[in-house]
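**Q** Here it is: the structure, laid out below.
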Amino acid sequence: MSSFAKALSPAVREIRILCCQTGHASAGARQFITTHYPTLKQHNPDLPILIRQAKGTPARIFARFERGQEKHIEVEGLSASDVGSKLAQLLNFS
């Protein structure tokens with residue numbers, strides 16, 4: 001996704017991606033990680049991007065912004081492209 005082929009706002013302090021490593025509903029989140037994590041990290045090398053996989057965990061993405069503000073989105077059952085779109089909306093919302 002081309003929207004991640006650039007540096008994110010300095011207001012973004014951390015991104016956490018939670019999903020199930022085997023669940024069907026988390027398949028889109030896992031595919032997003034596989035395809036977009038390298039590009040996202042390449043353009044934001046100092047940004048902590050945490051990936052947490054645990055059995056039964058619903059797919060969600062958390063973003064922490066400056067002054068401790070935190071927002072999250074549910075991405076359960078979405079495709080990888082929909083996960084990317086939702087994340088882009090979340091990060092532009094800061």
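**Q** Which residues, counting only those in region 40-94, are part of a helix (DSSP H, G or I), out of contact with any strand residue (DSSP E or B) (no Cβ under 8 Å at 6 or more places or on another chain) and of a type outside the set (S, T, Y)?
**A** The answer is Q42, H43, R67, G68, A80, D82, G84, A88, N92.
**Q** Something else about it: Looking only at region 11-27, how many residues end up being touching a residue at least 40 places away in the same chain (Cβ under 8 Å), in contact with a Gly (Cβ under 7 Å, 6 or more places away or on another chain) and crowded, with 19+ Cβ neighbours inside 10 Å?
**A** Residues meeting the conditions: 0.
**Q** Looking at S9 and the list (1) modelled with pLDDT under 95; (2) assigned to a helix (DSSP H, G or I); (3) out of contact with any helix residue (DSSP H, G or I) (no Cβ under 6 Å at 6 or more places or on another chain), which single condition is not satisfied?
**A** Just one mismatch for S9, condition (2).
**Q** A follow-up question, please. Which of the residues spanning region 45-65 are loosely packed, with under 10 Cβ neighbours inside 10 Å and not charged (D, E, K, R)? Steps first, answer last, please.
**A** Keep residues of region 45-65 that are loosely packed, with under 10 Cβ neighbours inside 10 Å, which gives 45-46, 54-56.
P45, A54, G56 - these are the residues of region 45-65 that are loosely packed, with under 10 Cβ neighbours inside 10 Å and not charged (D, E, K, R).
**Q** Cβ contacts < 7 Å: first residue under 21 Å from D82 (Cβ atoms), restricted to region 30-54; second residue among the hydroxyl-bearing types (S, T, Y), any location; separation 6+ or different chain. Result?
**A** Note: pairs meeting the criteria are I49/Y37.
The values are calculated or read from the model by the stated rules, or taken from the named source; none is laboratory data. In this text the structure is predicted, and so the values were computed from the model without any measurement. Here Cβ is always computed from backbone atoms with ideal geometry, including for glycine, and neighbour counts include all displayed protein chains.
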